[in-house]
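FYI, it's all coordinate maths here, none of it is from the lab. From a predicted model like this one, the values you see are computed outputs, not experimental measurements. Note that we place each Cβ from the backbone using ideal geometry, even for glycine, and neighbour counts take in every protein chain shown.
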Amino acid sequence: MIVSRRDFIAAAALLLLPSWRARASARRVIALGGDITEIVYALGAGDRLVGRDQTSTFPEAARALPDVGYYRNLSAEGILSLKPDFIIAAAAAGPGNVLRQIEAAGVGIVQVPQDYAPKALIEKVRIVGEALGLQAEANALCARLKQKFDAVLARVAAFTDKPKAMVLMNGANGLQAAGLNTAAHAMLSLAGAQNVFDTYSGYKPVSFEAVAAAAPDAIVMMEHALLALGGEEKLASHPALRLTPALRNKRIIAREGQYLLGFGPRMPEAVEDLALALRRGAG
Amino acid sequence: MMAERVIPHERAGFADLACRLRGARRTLLASLTICLGLMSILALTIGPVSIPFERVLAAVIGWNKADQTEIIVLSIRLPRVVLALAAGAVLGLCGAALQGLFRNPLADPGLIGVATGGAFMVALSIVVMSAVAPSLLAELGPYALPVFASLGSFAAIAAVYALGRRNGALSSADMLLAGIAINAMAASGIGYLTFLSTDEQLRTLTFWMLGSLSQSAWEQILPAAALATACSLALMFNAHALNACLLGEREARYLGVDVDRLKQRIIILSGLGVGAAVAVTGVIGFIGLVAPHIVRLMAGADHRIVLPGSALVGALILLIADSIARIAVPPAELPIGILTSAIGAPFFLWLLKTRRSAIQ
């Protein structure tokens, strides 16, 4: 009964109001993409969310929302069962057929382009804000982010050194490192570091010898990858990693994945954090 | 005198036995069909969105995609049910036909490279074509993967066929071995493409390799389901010839079966049928292997029952697996590849244990 009345009100709202007003008043939104969920919360609209994808793990409140699965492998009926008014999705969300089914069932989808740059984050905030009818809040957040980026990037530019680093993605079955055109590579560049694996594109397995030869000054990794490798103590006895300057100088930087590589509103902090950690204790 | 009395009696006994067997088989096929019908109705009724049965019925009868519930029933659930039935049936049936043809209980579309060939072409289109010929991919749109998968399956079958020729005749053993080699080559090709792929491509690839019916859209599944069903029907007509092959190839020839033509027919029909199914569902293993065995354990090796029975059992397994995939972890969904084995394997083992001991 309650559900059907809510449906009725939502339908009436959609009929009576111009579409942007309808969106602004839409109470049931699904966010697909960790960065998008973070932006929705940063705009103060977290209470409108009724669902999220598997990668939406921040803030803590998001974890309590129903999880519709990995955002590239969605299921139409699962999403519709949450009765969303509309969906804000990362551009990579899909598959396309499922998105078309959802749209055919009368649920709008706002797609947000993704790119690994500060400018792209500002653009994402603007689009999400518009979708939620929170233009003023979005403008304010954009201004704050821009200010933070300016400060952080100026600080990074002042560093004269360019530490050599690698981003270790997964240690469970051999080592896998981030190459060009990855979120990890973009973060290293923003933090004023040089990626030692810049000869290939994407995330690829690397041999123990190649890691030893690349001699990174620092190793950046996601917390779960460090856990998979058995923690920092285990790294010291790893046949390849222990040969690197990074291990000798104990410069292992492990951060939560969504914070480090999510490109959400915490991105300026993450860049600054990474830039400082890369140079911690260095001369 | 004695003999004259005994023989009619024995004959009557055999006729009676044959009659009872035929009756039992008819009962099996009938009950499988009823199960499949009930399961289809159940699959249309259950899902993450709760829709009362009478509304489901009204939607199907009215065929009117007016409100959201009707769209969910007609555009999301029904295509999945149709696809599960068509793909499950063709996988089970091809497994039965290939096992019969190769006289090998392990033969199935997955083993001789048909499914892997399709998967290889899909990997190729995801990883290489998107860089080399993006305009072609854009033009094919949602048809791109199905088209490439069918091409791959058919190429694998054609290669098996060409490599299996010995002195002008087709050798079952050579075809089987060639199929295994092609399977391995396609698998290593997929492995290499996985290495080349970007993170995004890799994820698309992985999900496709696990199989899923969630992408079913009418415009894609109708051609695929029609082709799979046509191949299934055509395969059904080979029961007598496959029965003769059970005795051995030479014996089948003596019985008047054109064994080479039979091989040709079954190979081509399996390639087309599995290619069509794999093209829209991704790789779904195990059904082709296990469905025929389940039927054989229940009703014996006569292909007149193994062929239709495998189609029904295959469809039933896939339909049950897909229904569980949809409702197990709402609002998310489980990959179906996990479930076909999780459901089929324990049932198969149970049947194997109980039936084997019953026969002894």
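Pairs of Lys residues in chain A, spaced 8 or more positions apart or belonging to different chains, with C-alpha separations under 28 angstrom: 21 in total. Each distinct pair of alpha carbons in segment B:12-82 adds a 1/r term; the inverse of their mean, the Kirkwood radius, is 14.4 Å. Largest GNM mean-square fluctuation across B:Glu219, B:Glu54, B:Glu70, computed for chain B with C-alpha springs under 10 Å, falls on B:Glu54. Compared with the dominant Cα axis of chain B, that is its longest principal axis, helix B:199-210 is turned about 20°. Once chain B is represented by equal point scatterers at the alpha-carbon sites, with solvent omitted, what log10 I(q)/I(0) does the Debye formula produce at q = 0.09, 0.11, 0.12, 0.15 Å⁻¹? So the normalised log intensities are -0.54, -0.78, -0.90, -1.30.
Evaluated on segment A:160-278, the Kirkwood hydrodynamic radius is 13.9 Å, with distances taken between all distinct Cα atoms. Fewest neighbouring Cβ atoms within 10 Å first, the residues B:Cys19, B:Cys94 line up as B:Cys19, B:Cys94.
Counting every other Cβ atom within 10 Å of each residue's Cβ, A:Arg27, B:Arg261 order from fewest to most as B:Arg261, A:Arg27. Helices in chain A, meaning DSSP H runs of at least 4 residues, each add -39500 (n - 2.57). Divided by all residues, the mean residue ellipticity at 222 nm is -13500 deg cm²/dmol.
Restricting the calculation to Cα atoms, chain A shows an Rg/Rh of 1.04 when the hydrodynamic-style radius is the Kirkwood one.
Charged neighbours of A:Glu233, selected by a Cβ distance under 13 Å, balance to +2 (K, R count +1; D, E count -1).
When the alpha-carbon atoms of the protein assembly as shown are used, the pair Rg, Dmax equals 29.4, 117 angstrom. For segment B:150-241, the set of chymotrypsin sites (Phe, Trp or Tyr not before Pro) satisfying both a DSSP loop assignment and a count of at most 14 other C-beta atoms within 10 Å is given as B:Phe237. By other beta-carbon atoms within 10 Å, ranking B:Met236, B:Met175 with the fewest at the front produces B:Met236, B:Met175.
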